[in-house]
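Q: What follows is a structure written as structure tokens; I'll ask about it next.
The values are calculated or read from the model by the stated rules, or taken from the named source; none is laboratory data. Note that the structure is predicted; figures quoted are calculated from it, not measured. Cβ placement follows ideal geometry from the backbone for every residue including glycine, while neighbour counts extend to all protein chains displayed. The accessibility values were calculated without ligands, DNA or RNA, using every heavy atom of the protein model including side chains. Shrake-Rupley method; radii C 1.70, N 1.55, O 1.52, S 1.80 Å.
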Amino acid sequence: MIHPSRNPEISILPARRDDLEAIMLLERSGFPAAEQWSERSWRGELLGEGRTILIARAQHPVGVISIKTVAELADLHRLVVESRCRRRGIGTDLVRATLEVVRQLGVREVILDVAYHNEPAIALYQQLGFEQLSARQNYYGPGQHALILKLYELQTWPDRIAITEER
Ligand SMILES: CC(C)(COP(=O)(O)OP(=O)(O)OC[C@H]1O[C@@H](n2cnc3c(N)ncnc32)[C@H](O)[C@@H]1OP(=O)(O)O)[C@@H](O)C(=O)NCCC(=O)NCCS
């Protein structure tokens, strides 16, 4: 299934197992070495139960997102957009497409953690309706604090986000 993107040259599609190499390139371009997921972690993600993994592709993959669904709760695990392609709405399109998939699976709430200094990601999530639930000290290691964000009432989310955008 292809999900809509506001970038006409970008397709958003489910990831395949043979996308691992491309995903690792995105991972390495997106995060400092100490924060990168290993190939093993991403392989586990691609094979894991309840995962929705979507890739944004132009000529090559330019972004990836992974979310895990357990009953009515989804946990957004990873989001990265290639550095040259940022600020064009691709990250937003990936999150929107993923939320729509899990909404249709019956998910009601979505949770995620994000480094407290990651302003681009926090701004993106807040624009889409995520709210701060809590903060966790040293969550990623000494001095590396996290914010826990939550999106409530996903089932009515498309109506609410449409109203917000009209304002
Ligand atoms: C966070 C990330 C995925 C955003 O991807 P993107 O495709 O650039 O995001 P979008 O273009 O959809 O931006 C949506 C909004 O997020 C905010 N935003 C994005 N980049 C920003 C930046 N550098 N500074 C401030 N706000 C930013 C803006 O509010 C933006 O809306 P606007 O362009 O209308 O002002 C990307 O920066 C990235 O891959 N970062 C490295 C990996 C990472 O931190 N992942 C998140 C871990 S939880």
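Q: Rounded to the nearest 500, what is the chain's calculated 222 nm mean residue ellipticity when only DSSP H runs of at least 4 contribute -39500 (n - 2.57) each, over all residues?
A: That calculation yields -9500 deg cm²/dmol at 222 nm.
Q: If you don't mind, there's one more thing I want to ask. Given H placed 1.01 Å from N in the peptide plane, which residues other than close sequence neighbours of I55 have an amide H under 5 Å from its amide H?
A: L13, A15
Q: Okay, next question. Return the carbon/sulfur percentage of the accessible area of region 11-166, one whole number, probe 1.4 Å, all protein chains in place.
A: On region 11-166, the fraction of accessible area on carbon and sulfur atoms equals 48 percent.
Q: Taking a point 7 angstrom from the Cα of L47 along the C-beta vector, which residues in region 1-23 have backbone N less than 16 Å away?
A: Answer for region 1-23: 16-21.
Q: 5 Å is the cut-off here: which amide hydrogens, built 1.01 Å from N in the peptide plane, fall below it relative to R78, excluding neighbours closer than 5 in sequence?
A: Excluding prolines and chain starts, which carry no amide H, the hits are S66.
Q: Counting other Cβ atoms within 10 Å, keep those with at most 10, restrict to DSSP loop, and tell me which GluC sites (Glu not before Pro) in region 37-75 are left.
A: Answer by residue number: E49.
Q: Which value, to two decimals, describes the C-alpha radius of gyration of region 99-152 once divided by 2.2 N^0.38 Å?
A: So region 99-152 has a normalised radius of gyration of 1.22.
Q: Based on the Cβ-Cβ distance of D75 and E9, what FRET efficiency does E = 1/(1 + (r/R0)^6) give at R0 = 22 Å, to the nearest 0.05?
A: 0.10
Q: In a shell of Cβ-Cβ distance under 15 Å around L46, excluding L46 itself, what net charge do Lys and Arg (+1) and Asp and Glu (-1) give?
A: Net local charge, L46 excluded: 0.
Q: Residue separation times 0.36 nm, minus the C-alpha to C-alpha distance between Q155 and N138: what's the value?
A: Taking Q155 through N138 to full extension adds about 2.8 nm, to one decimal.
Q: Can you give me the P(r) profile for region 11-166? Cα pairs, bins 10 angstrom wide beginning at 0, each as a whole percent.
A: For region 11-166, the pair-distance distribution reads 10, 40, 40, 10, 0.
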